[in-house]
Amino acid sequence: MTDAPQDRSQPPRSNTRVVGWCLGGVVGMFAFGFAMVPLYDVFCEITGINGKTGGRYESTVAAERDENRTVQVQFLAQNGPDMPWTFRPVTRSVEVHPGEPVTINYFAQNPTDRAMVAQAVPSLSPSEGTLYFHKTECFCFNQQPLEPGESVEMPLIFIVDKDLPEHITKLTLSYTLYDQDVSPAVSSNSRVRKTTNDNG
Amino acid sequence: MRVHAKRAGALLGGLLFPAWSMADWTLNMAPGVTGTSNEIFSLHMTILWICVAIGVVVFGVMFWSIFAHRKSQGAKPANFHENTLVEILWTIIPFVILVVMAIPATATLVDMYDTTESDVDIKVTGYQWRWKYDYIEEDFGYFSNMSTSRDEIYNRTAKSENYLLDVDNPMVVPVGAKVRLLLTANDVIHSWWVPAFGVKKDAIPGFINETWTRVDEPGIYRGQCTELCGKDHGFMPVVVKAVPQEEYDQWVAEQREAAERERELTEKDWTLEELMVRGEKAYASACAACHQADGSGAPPAFPALKGSQIVLEDMEAHLDVVVNGVSGTAMQAFGEQLNEVDLAAVITYERNAWGNDTGEMITPKEVFEYKNQE
Amino acid sequence: MSAVADTHAQDHHHHGPAKGFSRWLLTTNHKDIGSMYLIFSFAMFLLGGTMAMVIRAELFQPGLQIVEPEFFNQMTTMHGLIMVFGAVMPAFVGLANWMLPLMIGAPDMALPRMNNWSFWLLPCAFLILVSTLFMEGGAPNFGWTFYAPLSTTYGPPSTTFFIFAVHIMGISSIMGAINVIATILNLRAPGMTLMKMPLFVWTWLITAFLLIAVMPVLAGVVTMMLMDINFGTSFFDASGGGDPVLFQHVFWFFGHPEVYIMILPAFGAVSHIIPAFSRKPLFGYASMVYAVGAIALLSFVVWAHHMFTVGIPIAGQLFFMYATMLIAVPTGVKVFNWVATMFRGALSFETPMLFAVAFVILFTIGGFSGLMLAIAPADFQYHDTYFVVAHFHYVLVPGAIFGIFASAYFWLPKWTGHMYDETLAKTHFWLSFIGMNLAFFPMHFLGLAGMPRRIPDYALQFADFNMVSSVGAFMFGATQLLFLLIVVKCVKGGEKASAKPWDGAEGLEWTVPSPAPYHTFSTPPEVK
C-alpha cells in the first residue's frame, strides 16, 4: 500500500480527474434522457412519425387545388377513460381534392349534471401523411368547456397538401377526447386512482 | 420436415411422459392463412435453417475438439493464437449471409406496411380488458368480451375446447377482402394479435396505428392481447371469424338492423323478469370480473354489491355510479360501454339479485333519459 | 490516487481485517466488498428464483390454482427486476471487485470508500423494492419494463417506492462503474498496457462505460414517471399532450445497452476459462477486444428492435432491423474465437470449463433466436410471446449466470484457499444444465405456437410444454441450493489450493498465494 505514483510505469494519473470526467458523463446522460423528450417531439414534427398533427397551419401562398385526384379523409372519435361525453364526427368521411380547404364538424355533448372541460387529442394514420395534413382551424387547439346537458358542433378546417405522396389515397384522422378535470386530479389524487390497474 | 419433427417430438414426449400421449406438441410456427403470414413463415424457416447450418458447423468443430483434443487422450496443445485470413473470413461470411437475409425481410416489411386500397375499415379499441370493434363505414360497433366462465378458470368445471380463447362477439371479416385495421386504446397499451394472420400491432391510448390483413380461407381464428395491460391481460382474447362475402354482407345488414333495434328496445316496456334475465348475462360479462358473480366483490378495491347501501337505496346514485363511473377509483364509466338496455338490466339485476330484494327496476328508457337529461 | 489507498491501509495497520460486524460495514477492502457483493447477489438470486418458482408453479397447469393474476404480475415484475438489478449486475460488480485489482496488479480499487458506499446502497434499494410487496395495492405489477401508462396513471401506489429504489440502485451502479474505470485507468501495474490487459478487465472497462452512459437515462425515465405521477406533468400521458411510445424509446435506449452490461463481463471471464482448460492461448485477443467494443457501440443504435410493433414508420423499422442484424457479426467473431481456442488444445473438463463450454453453446443458441427476432417481419409473430422469453433466458441464464458460476468455480480456490468438491460441482453443473434446458427450450415451441408472455393462465394447447418447462424450472431452482452447499463447504475447508490450481491458467491473480492475502500487490508487479 505504499505504492507511490512513480512506482508505476504510467505517468501519475489523478482519480479526481477520472471521477470528474465520469460524473460529467453521468450528468450529461441524465440531461440527455430528458432532452430526448423535446428531441423526440422535434423529430416527430419533422418526420410526422407519431401521427401527431401539428398546430395551426398558416399558409403564405394561396392554396392550389389538385383537380386530378381525390383523397378520402375518414374521421374517428373516441373517449378517453371515464369520459362520459357523447363525441362523434358529424361526417364520417369526405372525398377531398388536395389543396382545397374543407370544413367538417364534430359533435360533442355533456350528458352529466356538472360543467366539464375536455381536450381532444388528434392522431393521424398513416403517419406518413401527417406532414401533409394541415389544420387551419381545429377544436383541438383549445379546450372545450360544456355546461351540463349542453351540446356543441365543433368545426375543423383542414387542407390536404397537394404534395401528398401519390400512394396515399386514404387518411384517417382520429380524436380522443379527454376529461381535463380528471387529469389534474389524476396527479393530486393519484393515490386512489392509480389502483385501477389492479382492479378496475 | 415439419411433420417429421412433430412426430419425433410426439414420440419423444410419448416415451418420456406416457400420460400425455394426447398432447398437442406443436413445435413450430404455423404458416397461417394470409399472404403476410405465409411470407413471415418462410422468412422464419429460412433464418431458422441458416441458424441450424451455422450451428452445425460451429458446434461441429467444437465437439470435434472436445472429442479429439482431450488432455486425457494425450492431446498436446498447439500454440497458435491468431490467423488474420480466418478472422477476416469469419467476419465477412456472416455479414454476407445477413445481407442475403435482409433482402426478403425488407420486401415483406414493405408489403406489411402497405395499407392502401382497403375494402373494409375496422377500428379496434383496446380496453381493460376487452376489445371493441367499430365498422367505420357501416356505423355500428360492439364490444368483444372473453366468454370463458370464471368457473372454468378456477377449475370448478371442465375446461372447454377454446378455453380462454372464446369471446361473445367475434370480429367478422369477409374472405378475400383487404381489411384495414385502425388500432387505438382507451386506457393502457394493448396489442392485437392473430397468429394465423401474421398481424400484431400495439393499440396505444391517444394514438392511432394501422395495419391490414387479407384472409384467404373462411374459418375462426384466435389470438390474444400481447402487451401486458394489467390484471386480466391473459383474459382478453381476439377472435376473428372470416366468412364469405355474401355471408358478411348479410351479417352487416343484421348488425345494422340490430343497432337500430337496440335503439328501439330502449322504447319497449320491460318487465322486471325480462330485465333480470338480461341483467344476469350483462353482469357476468361486464361486472363479475371485479365485483364477483355473487356480488361479494373484493373489498376494499371492489366493494361488495350485495347489501351495498347505494344498490339498496339511492337509485339515482346507483345509476350515476354505473353510467359515469367513480373518478378516482377503479369503477369505470359504463355509460358508453353498455347500451341502455344492458345498463337498465344490470342495475335492475344488482338491485334484485343475491338477496338484494328491493323489487325496484329501472327501464332502458329511464336510463336513456338519464343519459340525455338536460 | 494513493492518498486514499494509504489512509485506508493505515486504518487497518497492514494486518488482517477488523473483527465483527463493523469489519463488513466499514470495510474498504476490495476483497471484503467483492465477497459482500457476491453473497448479496446470491441471496437476490435465490429470492428472484423463488418468485420464478411461484410463476412456474402457477403455470404448471392451465387454470388459476395458486396465485391471483394481480399477484402473478407482481411476481413477474419483481422476478425481472431482482434478477437484473439484484442478482446479475451485483454479481459482476462483486467479481470485478475481487478480480480487477488482482488481475492488473493493483493494491485495491481506486476509490475504496466509494466502493463501500456503492455496496451498502444496494441492500437499502432492495429493502425498499421488496417492501413494496407488503404495501397496500401490492408491489409493482407492470413488468420489469414498466411501460407507461400502465406504470404511471394505472400503477399501484407503491410505484413511487419502486422509482426511489431504482434511483438508489442506479446510483450504486454508477459509483461502481466510476470505481472500475478509475481503477483500470490509474492502477495498472507497470508495463500493463491497454492491449495487454486481461479480457475480463477489458470487458469490464467497456461495461463500466456503458453503465455510465445508460444508468442516468434510466434515472431520467423513472424521474419523468415520478413527475407524471406526482407533479401533474404529461411526459407519457396522451391526454396532456404526451406520448406513451416516448417512454419506450427512452426506456429501451437504456434497456438495450443494459442487456450487454449483463453479458460482457461474462464474455471476459469465459475468455480466461476456456484458454486455461484448453492449455492454449486465447485465439484472436485483439479481435475479441474490438468485437466487444463494436457490440457496445452498436448497442446504442438498436433499441427500437424491442418496439417493432408500436407503429414505427418503415424507414425506422428497416434501420433498426439492419443495425440489429449487424450485431450478429461481432458476436459471431467472439464465438468463433472461443471455438478456435478450444481447437487443437489439450482440453480437460473441470467444472469451470463445463460451465464455460455450456455458456458458449447455449449463449449461441440464444444468439440464434436473437438473430431471428431481429428480422422485423418475423418479429411481428415472435414479439411478446414465449419465444422472446426463451430467447432472453437463453442469453441470461446460460449466458450471464453460467458465466458467473464458471467464474466462481474458477476463482473459488483463489478466494478461499481450498479446492471445491469437484463431484458435487459437476452434479451442480449437470443438474443446472438439464434443468435449464428443460425449463427454457420448450418455451421456444410455446412462443411459436402462439402463447403470449406475462399471462397467468393459458389455452389448453400450451399445457404440455408448460408442464415440462415447470418441471425443468423446479429442477434448476432446487439445484442452486447445491451451489450454496458447495461454496460453504469450500470456505470451511477442503483440499488446500496452490497459488495456481489450474495448470493452464494465466494472469497476475495466480501469482499471489491462495487464499489471496488481505492485502495484495502493495508493491506493484512488473508486467513484461
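The values are calculated or read from the model by the stated rules, or taken from the named source; none is laboratory data. Quantities reported herein were computed from a predicted structural model and do not represent experimental measurements. With ideal geometry, Cβ positions are generated from the backbone for all residues, glycine too; neighbour counts draw on all protein chains shown.
One residue alone among C:ALA497, C:ALA439 is of a type in the set (A, V, I, L, M, F, W, C) and over 16 Å from C:PHE387 (Cα atoms), and that residue is C:ALA497. Restricting to segment B:75-100, what's the tally of residues that are over 18 Å from C:GLY345 (Cα atoms) and within 7 Å of another protein chain (Cβ to nearest Cβ)? Qualifying residue count, segment B:75-100: 6.
Segment B:294-374 holds helices (runs of 4 or more DSSP H) entirely within its bounds, and those carrying 3 or more residues that are within 11 Å of another protein chain (Cβ to nearest Cβ) and within 18 Å of B:GLY279 (Cβ to Cβ) map to B:364-371.
Of all the residues in segment B:334-361, those that are modelled with pLDDT of 85 or more and either among the small types (Gly, Ala, Ser) or in the same structural domain as B:ASN186 (by TED's automatic domain parsing) (or both) number 3. Could you check segment C:313-346 and list, in sequence order, the residues that are in a helix (DSSP H, G or I) and among the charged types (D, E, K, R)? Answer for segment C:313-346, where residues must be in a helix (DSSP H, G or I) and among the charged types (D, E, K, R): just C:LYS334.
Considering each of C:VAL259, C:VAL245 in turn, give the residue that is surrounded by fewer than 24 Cβ atoms within 10 Å (Cβ to Cβ) and closer than 29 Å to A:CYS44 by Cβ.
C:VAL259
For first residues located in segment C:466-478 and closer than 19 Å to C:GLY63 by Cβ, partners that are hydroxyl-bearing (Ser, Thr, Tyr) and lie 6+ apart or on another chain with Cβ distances below 8 Å form the pairs C:ASN466/C:TYR458. The set of residues in segment B:43-62 that are loosely packed, with under 14 Cβ neighbours inside 10 Å and either at the interface with chain C (Cβ under 7 Å from one of its Cβ atoms) or not aliphatic (A, V, I, L, M) (or both) comprises B:TRP49, B:GLY60. Screening segment B:151-167 for residues that are surrounded by 15 or more Cβ atoms within 10 Å (Cβ to Cβ) and more than 9 Å from chain C (Cβ to nearest Cβ) and picking the one that is farthest from B:ARG130 (Cα to Cα) gives B:ASP166.
Only residues that are among the charged types (D, E, K, R) and either surrounded by fewer than 23 Cβ atoms within 10 Å (Cβ to Cβ) or within 16 Å of C:ALA165 (Cα to Cα) (or both) were counted in segment C:193-229, giving 1. Scan segment C:484-528 for residues that are among the acidic types (Asp, Glu), within 14 Å of another protein chain (Cβ to nearest Cβ) and surrounded by 14 or more Cβ atoms within 10 Å (Cβ to Cβ) and jot them down. Correct list: C:GLU506 only. The single condition among (1) within 8 Å of another protein chain (Cβ to nearest Cβ); (2) part of a helix (DSSP H, G or I); (3) closer than 24 Å to C:ALA213 by Cβ that C:VAL310 does not satisfy is (2). Can you spot a residue in segment A:76-91 that is farther than 28 Å from B:PHE368 by Cβ and crowded, with 18+ Cβ neighbours inside 10 Å? No, every residue in segment A:76-91 fails to be farther than 28 Å from B:PHE368 by Cβ and crowded, with 18+ Cβ neighbours inside 10 Å. Considering segment B:119-128, and only residues there that are at the interface with another protein chain (Cβ under 10 Å from one of its Cβ atoms) and more than 19 Å from C:THR309 (Cα to Cα), the residue that is surrounded by the fewest Cβ atoms within 10 Å (Cβ to Cβ) turns out to be B:ASP121. Where strands (runs of 3 or more DSSP E) fall wholly inside segment A:94-145, the ranges with 3 or more residues that are within 10 Å of chain B (Cβ to nearest Cβ) and either closer than 22 Å to B:PHE207 by Cα or in contact (Cβ under 8 Å) with a residue 12 or more places away in the chain (or both) are A:116-125. Of all residues in segment C:261-282, none satisfies being over 19 Å from the mean Cα position of the chain (by Cα), closer than 24 Å to A:MET29 by Cβ, more than 10 Å from chain B (Cβ to nearest Cβ) and assigned to a helix (DSSP H, G or I).
When we screen C:GLY311, C:GLY268, C:GLY316 for residues that are over 30 Å from C:VAL201 (Cβ atoms) and buried (at least 24 other Cβ atoms within 10 Å of the Cβ), the only hit is C:GLY311.
The single condition among (1) over 27 Å from B:CYS229 (Cβ atoms); (2) aromatic (Phe, Trp, Tyr); (3) part of a strand (DSSP E or B) that B:PHE143 does not satisfy is (1). Within segment C:115-159, the set of residues being in contact (Cβ under 8 Å) with a residue 60 or more places away in the chain and either more than 30 Å from C:ALA304 (Cβ to Cβ) or surrounded by fewer than 19 Cβ atoms within 10 Å (Cβ to Cβ) (or both) comprises C:ASN115, C:ASN116, C:SER118, C:PHE119, C:TRP120, C:LEU122, C:PRO123, C:PHE126, C:VAL130, C:GLY138, C:TRP144, C:THR145.
Counting residues in segment C:351-369 that are among the aromatic types (Phe, Trp, Tyr), within 16 Å of B:PRO94 (Cβ to Cβ), facing another protein chain (nearest Cβ under 7 Å) and crowded, with 21+ Cβ neighbours inside 10 Å gives zero.
Residues in segment C:354-374 include none that are within 29 Å of C:ALA516 (Cβ to Cβ) and in contact with a strand residue (DSSP E or B) (Cβ under 8 Å, 6 or more places away or on another chain).
B:THR116 satisfies every condition listed in (1) β-branched (Val, Ile, Thr); (2) in contact (Cβ under 8 Å) with a residue 40 or more places away in the chain; (3) away from chain C (no Cβ under 11 Å) except (2).
The residue that is farthest from the chain's Cα centre (by Cα), counting only those in segment C:164-173 that are surrounded by 24 or more Cβ atoms within 10 Å (Cβ to Cβ) and away from chain A (no Cβ under 12 Å), is C:ALA165. Whether a residue is modelled with pLDDT of 90 or more and more than 8 Å from every other protein chain (Cβ to nearest Cβ) was assessed, and B:ILE103 passes this test.
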